[in-house]
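**Q** For reference, the structure I am asking about is given below.
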Amino acid sequence: MTYTLGVDIGTYETKGVLVDAAGNVAATARHAHEMTVPQPGWAEHRPEEDWWGDFVTVTRELIRQAGVNGDQIKCVACSAIGPCMLPVGKDGSPLMNGVLYGVDTRAMSEVSALTDRIGNDVLLQRCGNALTSQSVGPKILWLKNNRPDIYEQAHKILTSTSFIVHRLTGDYVIDHYTAANFSPLYDVTTQDWCFDLAPEILQPDKLPRLLWSSEIAGRVTSRAAAETGLAEGTPVTAGTIDAAAEALSVGVRSNGDMMMMYGSTIFIITLTEDRVRDGRLWYAPWLFPGQHASMAGLATSGTLTHWFRDQFARELPKETAFLTLAQEAEAIAPGADGLLFLPYFSGERTPLHDPHAKGTFFGLNLTHTRGHMYRALLEGITFGTAHVVETYREAGVEPARILAVGGGTKNAVWLQGTSDTSGLSQIVCQKTVGASYGDAFLARLAIGEAQIDDIAAWNPVSQTIHPNEVQSYRKAYPLFRRLYEQTRDIAAELG
C-alpha cells in the first residue's frame with residue numbers, strides 16, 4: 001500500500017493527512033498554533049515554530065498513527081495560509097516573523113503610493129489585481145522602508161509554502177497561483193515575474209522560481225528526512241495556498257465551479273473560462289496551465305467566532321463551547337430580534353478593501369442575550385458573504401456549482417444562513433478534511449497516479465443546502481449595507 005502526504009498550515013492550526021491511492025484516509029493529525037498581533041493591523045506567524053515545527057510534528061504523528069514506513073509515502077504536497085511575506089537569509093533561516101495575508105494591513109501607505117504611481121488601469125491589465133492588503137509587493141516595500149537592516153540581509157522573499165518546500169528540498173520555488181498575489185511583481189499575461197512596474201521594490205534574484213502546483217519542486221533531503229521521518233528522495237510538489245488546495249479537495253475543477261470556504265476567513269474561488277477583470281476581485285492563474293481563477297475573501301469570519309467564544313463564553317469548556325453557542329444561536333429567530341453586526345474587525349477585504357472599516361453590534365437592548373449576539377455575528381458574516389456574491393454577479397460571474405468546505409459548515413446557522421442571504425444552493429461533500437486532503441490529491445496527480453476527475457470518486461457529495469425565503473434577511477441586508485456606509489467616516493477617524 002502506498003500513500004501521499006498532505007499538510008496544510010492554517011491561521012490557527014496545522015492539519016495533515018495520509019491518503020491511499022483510492023482516496024481513503026489512513027491517518028489524520030493536527031497541531032494548534034497562534035496568530036500573533038503585535039499591534040493593530042499587524043498579523044504574524046513564527047515560521048520556525050508555527051510552520052516548520054508544525055509540519056514536523058504533524059508528519060511524525062501521521063507516520064506513527066498509520067504505522068507506515070517513510071518509503072511508503074510516494075509524494076508530499078503542502079499548502080499554507082497565503083500570500084505571506086517572509087525574508088530569509090542565505091541559509092534559508094527566517095529574518096523575522098512571517099507577515100500574513102490580507103488581514104495584515106501594515107503596508108496600506110505603500111499600497112496607496114504604488115497605486116498612485118502605477119495606476120489602477122495598468123495594474124489590472126498587467127497584474128490582474130488592484131493593490132490591496134492582500135498584495136505582497138507593497139509589504140516588501142514596507143520592509144524596505146521600515147526594516148532596512150532586514151531588507152538588506154534578505155537572500156530571498158518567500159511565502160509560507162515556499163518556506164516549507166525549501167526546508168524539505170533546499171529549493172526556492174513558488175506556484176503561479178500564489179505568485180499572482182505578489183502584485184505588482186507578477187505579470188498575468190506572460191505568467192512570469194515582472195520588475196518594470198516597480199523596480200524599487202527588490203532585485204529579481206530575490207524571488208523564488210515559478211512552477212505549477214502539480215510540478216515536482218525537489219526531493220526530501222537527508223536533513224529533512226531525519227527531522228520528519230520521510231524517506232530521503234521523496235518527491236515534493238511546489239504546493240499552493242490553502243484555499244486553492246481546499247477547493248481541489250471538494251472537486252472544484254471546471255469553469256463555473258465556486259468554492260465557499262468557511263474558515264478563519266470566508267474565502268471564495270471561482271473558476272472561469274476567461275480572466276475576470278474587476279478591481280474588487282482577485283485574479284490568478286489556476287493550479288494548472290490554461291485555467292483561470294477569480295477570488296474574494298472576507299477579512300474575519302471564523303476568527304470572529306473564536307473572539308466571541310474567548311470574550312463572552314469563558315466559562316464554557318473550550319472543547320464544547322462552539323456547540324453550546326450554536327445551540328443558543330439556533331434558539332433565536334432569524335434576524336436576531338433587530339440586532340445587526342458588522343464583521344469588520346480587521347478592516348474588510350472583498351469588496352470594500354477598506355482597512356479602516358470597523359466591527360460593531362448595532363441595535364442592542366436589554367432583552368438581547370448572548371445567543372442573540374452570537375446569531376447576529378453569524379448573520380453579519382453571511383451578509384458580508386452575500387455582498388461578495390453580489391459583486392461577482394456585477395462582474396458578470398454567475399456560479400454553476402457552489403461547493404462548501406471548512407469547519408464552519410458544521411454550524412447549521414452559518415451554513416444555512418449563507419444560502420438564505422445569497423440565494424444560492426451549496427454542495428457539501430462527504431470528506432471535510434479540507435486543504436490537506438486536496439494536497440494529498442495534488443501529490444497523487446504530480447506523480448501521474450491520478451487524473452483530475454478522480455476527485456469526484458475520492459470525495460463524493462454528501463448533502464445539498466437549498467436557500468429559504470427569510471423575510472427578516474430581505475429587510476436586514478440593505479440595512480447592513482447602509483450601516484457600513486453611514487459609519488465609514490467615523491471608522492476612518494478612529495483609525
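The values are calculated or read from the model by the stated rules, or taken from the named source; none is laboratory data. Model, not experiment: these values are computed from the prediction. As a convention, Cβ positions derive from the backbone with ideal geometry for all residues, glycine included, and neighbour counts pool all protein chains shown. Surface accessibility is based on the protein's heavy atoms, side chains included, excluding ligands, DNA and RNA. Shrake-Rupley method; radii C 1.70, N 1.55, O 1.52, S 1.80 Å.
**Q** Can you give the convex hull volume per residue for the Cα atoms of region 178-306, as a whole number of Å³?
**A** 164
**Q** While we're looking at this one, here's another question. What's the carbon and sulfur percent of the chain's accessible surface, probe 1.4 angstrom, rounded to a whole number?
**A** Solvent-exposed carbon and sulfur of the chain make up 49 percent of the total.
**Q** Hey, what's region 337-474 come to in accessible area per residue, 1.4 Å probe, Å²?
**A** On the way: 5130 Å² over 138 residues.
Result: 37 Å² per residue.
**Q** Still on this structure, please answer the following. What is region 1-56's relative contact order, in percent, from Cα pairs under 8 angstrom and six or more apart in sequence?
**A** The value is 27 percent.
**Q** Can you say what percent of the DSSP beta bridges in the chain, counting only those with both residues inside, are antiparallel? Round to 5.
**A** 70
**Q** In straight Cα distance, which aspartates and glutamates are under 12 Å from K318, not counting same-chain residues fewer than 8 positions off?
**A** Of all the aspartates and glutamates, those that pass the test against K318 - Cα under 12 Å, at least 8 places apart if same chain - are D310.
**Q** While we're looking at this one, here's another question. Report the Rg/Rh value for region 333-491, based on alpha-carbon coordinates and the Kirkwood definition of Rh. Don't jump to the answer; show the numbers that get you there.
**A** Values: Rg = 18.3 Å, Rh = 17.6 Å.
Using only Cα positions, Rg/Rh for region 333-491 is 1.04.
**Q** Sort largest first and round to whole Å: the equivalent ellipsoid semi-axes of the chain, each the square root of five times a Cα gyration tensor eigenvalue. Each step should come with its number before you reach the end.
**A** Working: eigenvalues 223, 150, 93 Å².
Result for the chain: semi-axes of 33, 27, 22 Å.
**Q** For the chain, return all DSSP H helices satisfying: extent of Cα atoms along own axis at least 20 Å; mean Kyte-Doolittle hydropathy at least -0.5.
**A** 370-394
**Q** For K475, which lysines qualify as cross-link partners when the Cα separation must be under 19 Å and same-chain residues fewer than eight apart are set aside?
**A** none
**Q** Right, another one. Just report the Cα centroid separation between region 1-40 and region 142-156, whole Å.
**A** 31
**Q** Just list whichever of K90/K206; K15/K90; K144/K206; K15/K156; K90/K139 have alpha carbons separated by over 22 Å in the model shown.
**A** Numbers: K90/K206 11 Å; K15/K90 29 Å; K144/K206 13 Å; K15/K156 27 Å; K90/K139 20 Å.
The answer is K15/K90; K15/K156.
**Q** For the pair S222/K475, report the inter-label distance in nm, with labels modelled 7 Å from Cα in the Cβ direction.
**A** Distance between the two pseudo-spin positions: 7.3 nm.
**Q** What are the extents of the Cα atoms of region 108-153 along their three principal axes, in Å, largest first?
**A** Its Cα atoms span 34, 15, 15 Å along the three principal axes.
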